[in-house]
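Written below as structure tokens is the structure these notes are about.
Here, each number is a calculation from the coordinates, and none is a lab measurement. These numbers were taken from a predicted model, which means no experiment stands behind them. Cβ placement follows ideal geometry from the backbone for every residue including glycine, while neighbour counts extend to all protein chains displayed.
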Amino acid sequence: MSTALRTGVPLITRINTAALYAAGIGLVLMTAFVAYQVFCRYVLNDSPSWTEPGAVMLMSWFIFLGAAVGVRENNHLGFDVLLYVLPPAAKKWLRMISDFVVAAFGAGMIWYGGNLVGLTWNTTLPALGISGGWDYIPVVAGGVLVLLFALERIILRFGGAPIDEALDELPSAEVQVELDNVEEVRRDAAELSRRG
């Protein structure tokens, strides 16, 4: 886990891992659905009606599950400029505010997604033959996980867990990419200097 949030609740860690794997499986299945649709359309000249809406529904699942995993692992884009200049105590409060905003966003996903599920539950998706509410259940599921993961971080921080220290020890995503590729960069630089 990229934030070294090893002090987290083991059950929530398992939920996070399950969501990550489910998102990955959804991505693979969506790719298979689209490949099957292309094959049927251009080779068999008979495209099945269920592949496109099925692929879109799978995409909704892996997007919202993946977004929730990104919340827990602290992989989302952020405006970190203030974090570089603030003292550790101020960083803690800035991150706490951010976690509360993320939790509120997750609650909004649950509330508004639930309303959409309720409004569309009595409709039927003709190509799939299932309730239209299934189109919006990924929003609710993603919201539940976003809220759960944000609350976990808030509770751990209030409990004195060293969450912020773990975050401060990690390099930013941009720096991590450079660190991961430093040997390749050195090789390329050496090759360029030999040529020049």
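Side notes on the structure shown:
- Of (i) 85, 43, 25; (ii) 77, 49, 26; (iii) 58, 56, 28, the label for Cα extents along the principal axes in Å derived from the coordinates: (iii)
- Residue-averaged 222 nm ellipticity for the chain, from DSSP H runs of 4+ at -39500 (n - 2.57), nearest 500: -24500 deg cm²/dmol
- Nearest 10 degrees, 0 to 90: helix 88-120 Cα axis against the chain principal axis: 0
- Residue-span extension gain [residue 9 to residue 63] - 0.36 nm each, minus C-alpha spacing: 17.1 nm
- Summing charges over all other residues whose Cβ lies under 12 Å from the Cβ of residue 37, with Lys and Arg as +1 and Asp and Glu as -1, gives -1.
- Between 106, 129, 118, the Gaussian network model of the chain with springs among Cα atoms under 10 angstrom shows the greatest mean-square fluctuation at 129.
- Highest-MSF residue in the chain out of 116, 145, 82 [GNM, Cα springs under 10 Å]: 82
- Extending 7 Å from the Cα toward the beta-carbon at both residue 25 and residue 52 defines two label points whose distance is 2.8 nm.
- For the chain, the longest principal axis of the alpha carbon atoms and the long axis of helix 51-72 meet at an angle near 20°.
- Rel. contact order, % - alpha carbon contacts under 8 angstrom, at least six apart, the range 6-76: 40
- Each of 52, 191 was scored by other Cβ atoms within 10 Å of its Cβ. Arranged with the fewest first, they read 191, 52.
- Neighbour-count order for 57, 109, fewest beta carbons within 10 angstrom listed first: 57, 109
- Length gained on full extension, residue 44 to residue 112: 20.3 nm, using 0.36 nm per residue less the C-alpha separation.
- Acute angle (nearest 10 degrees) that the helix 137-158 long axis makes with the longest principal axis of the chain, alpha-carbon atoms: 20
- Point-to-point label distance, residue 122-residue 104, nm (Cα→Cβ direction, 7 Å offset): 3.5
- Exposure proxy ranking, count of Cβ atoms within 10 Å, fewest first, for 140, 38: 38, 140
- Length released on extending from residue 75 to residue 18, taking residue separation times 0.36 nm less the Cα-Cα span: 18.8 nm
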